[in-house]
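To start, the structure itself, in structure tokens.
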Amino acid sequence: MELYVKEEPNFSAKMSRPYDSMEPKVMDDDMLKAAVGEQGPQEEAGQLAKQEGILFKDVLSLQLDFQNILRIDNLWQFENLQKLQLNNNIIERIEGLENLIHLVWLDLSFNNIEAIEGLDTLVNLEDLSLSNNRISKMDSLDSLVKLQVLSLGNNQISNMMNIIYLRRFPCLRTLSLSGNPISEAEEYKMFIYAYLPDLVYLDFRRIDEQAKKFITADTENNTISSLSSEGWGYPQHGKREMSKMKHQYSIDELKHREAQMQAKLEEEQARQEKLAEHKMAFVEHLNGSFLFDSMYSEDVEGNKLSYLPGPLTYKDKFVIICLNIFEYGLTQQEKRKVELDTFNECIQEAIQENQDQGKLKVAKFEEKHLLNLNAIREENDLPSIEKKLTECTESINELFNTLMILEMQLVEQLEETINVFERNITDLVGLFIENVQMIAQCRDLENHHHEKLLEIAINTLEKILKGEMDEDLPDDVRALFVDKDTIVNAVGASHDIHLLKIDNREDELVTGINSWCAHLVDKIHKDEIMRNRKRVKEINQFVDHMQSELDNLECGDIID
């Protein structure tokens with residue numbers, strides 16, 4: 001018995017659909033509001049939501065099929081959308097979806113799409129339907145790492161190499177390609193079985209059921225002499241066996257290339273992670289000869305002068321200084337991280353403790369307030385009612401004052417904590433800057449090297465002029481030794497380039513960490529201001545709600 005899943009209908013004459021003769025529509029606010037309203041909940045809460053207005057950011061599912069939409073647009077507000085249905089329209093391009101990062105299910109079938117594009121940000125997409133379009137190539141799906149279901153039936157895909165592209169999706173279990181030229185190929189199914197071994201459904205049938213049917217048919221025709229020990233049971237002779245062997249060789253070669261690419265990818269990712277860590281410490285590229293090499297990368301004269309016999313330990317000493325700065329930078333970064341983590345923990349603990357106190361006050365108030373409201377409703381004596389209303393108002397005001405006092409206490413506590421942190425982090429940054437002045441050692445080393453190189457260059461010039469130069473020098477190097485001014489200028493130009501590189505790296509380091517510190521402290525202060533404003537607003541809204549409830553009771557129930 002074959003197991004089927006829902007199959008796509010094949011309408012070859014899509015352009016004859018009745019709604020294609022309608023005027024193309026624009027995805028504007030009116031269309032989106034109407035769709036959200038129609039598809040929203042119909043119970044009492046849903047009706048109330050419609051009256052008050054449903055926020056697009058709260059919508060999780062949106063159905064816009066059979067709308068004659070030509071262009072995808074105005075969906076940026078649906079930031080939490082998980083399911084989007086745009087099938088049976090006249091859409092020509094995949095666009096306007098970049099903000100739907102939480103999308104899990106997307107249906108764009110039965111449109112006029114010619115290329116797969118515009119899906120780079122949909123990293124959570126699991127189910128994608130692009131059937132019944134005009135697509136001829138599978139690509140631009142690389143970011144869909146969670147893709148499980150891909151429907152591309154009834155398109156124009158003809159190249160079997162598109163199947164190999166799908167190997168990069170480890171979660172892919174369901175694939176539909178029926179109705180494409182590729183599906184008419186003799187080895188279509190076997191090629192997919194070979195290159196996509198984890199696939200469970202192909203063209204709406206379980207693959208193992210298809211394999212059984214294939215094997216049974218071959219057995220009845222007496223074409224199978226034995227079963228492959230690998231499991232599928234293809235014959236061991238004839239064209240099919242040759243095809244299988246060809247595929248097996250290609251698969252092994254492909255797996256080898258994929259393993260190499262994966263290893264390179266992991267190596268590059270690890271390198272980028274390390275580089276990001278080093279940048280956080282402001283000592284990137286100081287764990288080797290990068291700075292030294294950069295001094296000579298644009299130094300034409302210096303490269304020529306390197307042919308002269310000089311102090312061989314210059315580069316080694318220079319790199320050792322850079323490594324010392326690098327190691328010190330990582331150590332200090334760890335100290336800054338510990339300081340920041342400790343600060344964040346203190347902040348969160350203080351906020352949580354304050355919130356707990358506030359919740360306790362509100363809970364006691366609500367319990368008492370509810371009893372007072374019930375007492376007012378049951379009271380018949382007007383003076384007593386007015387007295388109780390006054391007491392309720394005073395109780396509300398008392399709660400407001402209590403919550404505001406708690407908030408003021410929290411503000412003072414957090415302000416003190418922030419000030420302590422600011423002093424500590426500023427001290428750490430200052431200590432780091434003070435100690436990385438060891439980069440001045442690089443400058444001193446360069447100055448010493450310059451003096452030695454100048455001395456060697458002048459001695460070499462004297463030997464050349466006297467004809468006592470035994471070593472052979474390249475012509476472009478020998479051209480520098482025309483006279484003393486020429487060689488002094490060449491050595492000096494090289495020296496200036498080196499000092500500029502060292503100075504620039506020092507400025508980059510100091511400016512970078514100072515900027516980070518200033519930005520961090522500024523953000524902390526701004527975050528606290530925003531937190532305080534939000535909390536005060538919450539308190540006012542709650543108190544206003546309580547007072548409004550009391551006023552409505554006074555004007556409605558009492559007067560009636």
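Taken over the range 373-390, the residue count meeting the criterion of being surrounded by 14 or more Cβ atoms within 10 Å (Cβ to Cβ) and in a helix (DSSP H, G or I) is 7.
For the residues 286, 291, 340, the requirement of being surrounded by 15 or more Cβ atoms within 10 Å (Cβ to Cβ), not in a helix (DSSP H, G or I) and not aromatic (Phe, Trp, Tyr) singles out 286. Please work out which residue is farthest from residue 118 (Cα to Cα), limiting yourself to the range 66-106 and to residues that are in a loop (DSSP other than H, G, I, E, B), among the aromatic types (Phe, Trp, Tyr) and open to solvent by 60 Å² or more (accessible area, probe 1.4 Å). The qualifying residue farthest from residue 118 (Cα to Cα) is 66.
Within the range 337-350, residues that are closer than 23 Å to residue 278 by Cβ reach partners that are of a type in the set (A, V, I, L, M) with beta carbons closer than 6 Å, at six or more positions or on different chains, in the pairs 339/425. Cβ-Cβ contacts under 9 Å between residues 6 or more apart (or on different chains), taken from a first residue in the range 522-534 that is more than 17 Å from residue 413 (Cβ to Cβ) to a second residue that is of a type outside the set (A, V, I, L, M) and open to solvent by less than 70 Å² (accessible area, probe 1.4 Å), are absent.
Look at the range 449-471: where a residue is within 18 Å of residue 482 (Cβ to Cβ) and free of Cβ contacts under 8 Å to residues at least 40 places away in the same chain and a partner is open to solvent by less than 90 Å² (accessible area, probe 1.4 Å) and part of a helix (DSSP H, G or I), sitting 6+ places away or on another chain with Cβ atoms under 6 Å, you get 454/491; 461/487.
No other residue among 410, 406, 370 is open to solvent by 70 Å² or more (accessible area, probe 1.4 Å) and part of a helix (DSSP H, G or I) apart from 370.
Just one of (1) at positive phi; (2) at pLDDT below 80 fails for residue 282. It is (2). Selection within the range 129-182: residues that are over 17 Å from residue 114 (Cβ atoms) and open to solvent by 60 Å² or more (accessible area, probe 1.4 Å). The member of this set that is modelled with the lowest pLDDT is 161.
The values are calculated or read from the model by the stated rules, or taken from the named source; none is laboratory data. Just so you know, these numbers come straight off a predicted model, no measurement behind them. When we count neighbours, we look across all protein chains shown, and the Cβ atoms used for this are built from the backbone with ideal geometry, even at glycine. Side chains included, ligands, DNA and RNA excluded: accessible areas come from the protein's heavy atoms. Shrake-Rupley method; radii C 1.70, N 1.55, O 1.52, S 1.80 Å.
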